[in-house]
Amino acid sequence: MAIETEGSEAQRQNNRRDKLLEAAAQLFSSQGYEATSMRDIAGAVGMLPGSVYYHFPSKEDLFVAVHDEGVRQITDSVREAVKGVTDPWERLEAAAAGHMDALLADNGFASVVTPEYSTKLGQATERLIAQRDAYERMFATFVDALPLPAGADRRMFRLGLLGMLNWARTWYRPARTSPSEAGHKTPAEIGREMVRLLRQGPMG
């Protein structure tokens, strides 16, 4: 008879938690926060609704955990993209490419990393803002290293770039055949192009 150890039980609970996060991310992304219930999420993973509360005390806590994972995935993608890149402009291009690769990934997590949810979660708002602020501080270091003209507002530059990148979620559509389809750009290419537009201007 197999004996379940404390370690195996912890692993089983972690696996359940991960499945809940994945299901919640997909449902929050497709249905929205308000329209998604804990019962919906439990049903998506074959659990009883009450079992969800073992892992997350409330829907707000579950959403914050999903949001945190989305921020982590984008952060990891950017950090990997900028490894070994020392030129400030090239590093910002790489960071934007990594941002877009994660933001437009079809997994649900990144789609909830948007300011609109901050108005819907009451007391959880501060936690969401803190998670995004930590990410933006990393981007700020890339912008601060740029050789911009004297007096340039680097904060406005950063916010403008992130706004351009994040808005892509509303209009981007994957190529129907392949990323090389005529006229189609990959998420990474879009990120790099947006940085180039800010650097050179549309006529540069």
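Using the 2.2 N^0.38 Å rule of thumb for compact globular proteins, work out how the range 40-105 stacks up: its C-alpha Rg over that value, please.
1.60
So if we plug the beta-carbon distance of residue 18 and residue 197 into 1/(1 + (r/R0)^6) with R0 = 45 Å, what FRET efficiency do we get, rounded to 0.05? Let's see the in-between values first.
Numbers: r = 38 Å, r/R0 = 0.85.
That gives a FRET efficiency of 0.70.
Order the peptides 149-158, 185-194 from the highest to the lowest mean number of other Cβ atoms within 10 Å of their residues.
On the way: 149-158: 10.8, 185-194: 19.2.
Result, highest mean Cβ count within 10 Å first: 185-194, 149-158.
Can you tell me the length gained on complete extension of the stretch residue 173 to residue 145, counting 0.36 nm per residue apart and subtracting the Cα distance? Mind dumping the intermediate values first?
Working: separation 28, 0.36 × 28 = 10.08 nm, distance 3.25 nm.
The residue 173-residue 145 span can extend by a further 6.8 nm.
Averaging over all projection directions, find the projected area of the Cα convex hull of the range 58-162 and quote it in nm² with one decimal place.
Values: hull surface 27.8 nm².
It is 6.9 nm².
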Neighbour-limited loop hits for trypsin sites (Lys or Arg not before Pro), the range 41-140 (at most 14 other Cβ within 10 Å; DSSP other than H, G, I, E, B)
83, 120
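All of the numbers you see were taken from the coordinates with simple rules; none came from a lab. What you see is a predicted model, and the numbers here were worked out from it, not measured in a lab. Ideal geometry is used to build each Cβ from the backbone, glycine not excepted, and the neighbour counts take in all protein chains shown.
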